[in-house]
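Structure first, then comments.
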């Protein structure tokens with residue numbers, strides 16, 4: 001007897017819920033160990049995207065930056081060249097960038113391609129498949145929309161997806177160059193630096209799309225404030241949106257927005273890069289923008305451009321179910337993000353072994369299995385197994401403040417194979433600095449912890465916990481914010497114009513070490529001051545003008561910090 005599952009959306013939805021319920025225990029108990037296995041490693045010319053047609057064929061379509069789209073069967077056998085697009089720009093960040101199949105492709109044969117045209121502008125074109133399902137009919141091409149992209153050749157976005165509403169969504173870059181000088185991303189009459197949404201028609205005459213009535217600005221703009229969202233995705237189960245937005249020169253960011261609040265979201269660029277102010281002229285308060293759920297430094301240890309990923313909803317790797325997976329194009333660290341149970345997210349950073357770089361896309365097969373595409377010419381299947389038990393399941397994380405003393409308290413409901421907690425702080429919510437370490441108790445039923453941090457400055461301070469397991473893998477807690485008042489300066493003057501940092505120590509020999517830290521969190525100098533009292537001088541002559549931190553640390557690893565300015 002053959003049992004056939006229908007493709008009815010409610011059936012699929014409840015089936016996914018059932019699978020999710022079964023797998024949540026596994027996902028909560030074990031940290032997924034992700035591996036990449038090559039499945040296609042020849043014949044590809046700068047592949048930048050993998051998509052499926054959702055037509056029941058289980059075929060995979062590989063988009064090549066230089067203009068070709070190749071089609072493969074479910075066993076990765078090459079079926080032919082589906083389409084070759086000519087007359088487009090393909091240098092640098094330009095080229096054929098995305099492919100999307102109409103939700104009714106199985107019956108109407110429509111699909112859409114996104115590329116930079118011969119003039120360097122951004123363009124969506126519509127085609128129809130021929131009588132051969134593996135070959136497009138090139139004579140059916142129509143231009144749906146052309147978006148002016150003057151001056152620069154970079155920051156073109158972009159990826160297309162159809163939403164559950166049947167509308168076509170496209171991410172566009174801010175127009176290129178550096179710093180978004182024209183402020184395109186915040187100008188809603190310009191279609192650059194945006195998520196745009198259109199209702200494509202199936203007619204044979206223009207116009208080939210209309211603007212959905214509920215778009216927030218009366219035009220194609222659906223969301224704004226993006227720099228170069230080269231890769232983004234919808235969670236196929238929930239409809240939530242995940243965006244990898246490539247940073248300017250300091251921060252790469254991954255943003256999340258639930259399906260119910262996508263319309264009109266402003267992701268903050270150029271006002272903010274990540275959580276850090278960039279150019280706030282004419283900007284609203286930071287709380288008015290959507291903050292990223294995860295940022296990492298650019299340049300980091302080889303990191304320079306985030307590749308947005310996908311939430312895994314397949315069945316072959318239960319340990320990965322519900323996790324979002326992204327990567328940096330130039331690095332081989334995966335960013336594996338999942339809900340922390342408290343309304344936030346936990347990020348695990350895992351190196352790809354052996355190293356794989358130049359990943360330009362994460363794509364899904366019809367059944368939700370996950371693949372990574374390297375522009376170098378290889379497609380990888382992503383699989384995961386349960387690894388070591390999740391080091392820690394957080395129960396709460398908070399702080400109490402008395403004068404300059406911040407008493408951090410957190411508790412866990414489960415611990416296993418956990419090594420330590422590193423406490424990190426920040427004055428901008430973005431760039432974090434080490435404050436101290438607490439060893440894990442590894443209590444199976446959980447444990448309670450506290451840490452005293454003496455933060456000698458005024459204003460808001462942000463804290464997070466960096467948790468390290470026995471295998472060296474890292475995960476992060478959510479971020480908490482406290483406000484400090486009444487700080488006493490120990491560096492006087494705090495504005496340094498003579499090249500000398502004057503540190504005033506208490507009459508008791510309380511501190512053991514002094515550090516100077518730059519705005520990127522790098523420790524520039526450490527000096528042993530154990531047993532010293534009174535005045536200590538440090539040379540600032542070699543430092544560039546800017547904002548720095550001076551940190552005093554005692555033997556109990558408690559620290560006091562003061563912000564200074566070097567002219």
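Read-outs throughout are calculated quantities, based only on the coordinates presented, and are distinct from any laboratory measurement. Just so you know, these numbers come straight off a predicted model, no measurement behind them. Cβ: placed from backbone, ideal geometry, glycine included. Neighbour counts: every protein chain shown.
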*If packing is taken as the mean number of other Cβ atoms within 10 Å per residue, what is the order of 279-285, 46-52, 352-358, 477-483, highest first?*
46-52, 477-483, 352-358, 279-285
*Could you order peptides 410-417, 129-136 by the average number of other Cβ atoms within 10 Å of their residues, highest first?*
410-417, 129-136
*What angle do you read, to the nearest 10 degrees and between 0 and 90, between the alpha-carbon axis of helix 9-29 and the longest principal axis of the chain?*
30
*What does the convex hull of the Cα atoms come to per residue for segment 215-307, in Å³?*
102
*With a bin width of 10 angstrom, please list the P(r) values of segment 245-386 as percents of all Cα-Cα pairs, from the 0 bin to the one holding the largest distance.*
11, 38, 35, 14, 2
_At 7 Å along Cα-to-Cβ for each site, give me the label-to-label distance between residue 413 and residue 104 in nm._
4.6
*Could I get the Rg over Rh figure for the chain? Both from C-alpha atoms, Rh via Kirkwood, rounded to two places.*
1.01
*How big is D for segment 279-343, in µm² s⁻¹ as a whole number, if Stokes-Einstein is applied with the Kirkwood radius of its Cα pairs at 20 °C and 1.002 mPa s?*
150
*Over all distinct alpha-carbon pairs, what is the Kirkwood Rh of segment 305-347 in angstrom?*
11.2
*asked:* Please compute the length gained on full extension between residue 532 and residue 367, using 0.36 nm multiplied by the number of residues separating them and subtracting their Cα-Cα distance.
replied: 52.8 nm
*Rounded to the nearest 500 deg cm²/dmol, what is the calculated helix-only ellipticity per residue at 222 nm for the chain, with -39500 (n - 2.57) per DSSP H run of length n ≥ 4?*
-1500 deg cm²/dmol
*Give me the number: length gained by fully extending residue 130 to residue 288, i.e. 0.36 nm times residue separation minus the C-alpha to C-alpha distance, one decimal in nm.*
52.1 nm
*In whole Å, how far is the Cα centre of segment 280-357 from that of segment 148-191?*
21
*For segment 392-484, would you read off the P(r) tail past 18 Å as a percentage of all alpha carbon pairs?*
40
*Based on the alpha carbon coordinates of segment 126-165, what radius of gyration and maximum Cα-Cα distance (Dmax) apply, in Å?*
14.6, 41
*Note the per residue figure in Å³ for the convex hull of the C-alpha positions in segment 495-566.*
80
*Sorted by mean Cβ packing within 10 Å, highest first, what order do the peptides 62-75, 32-45 take?*
62-75, 32-45
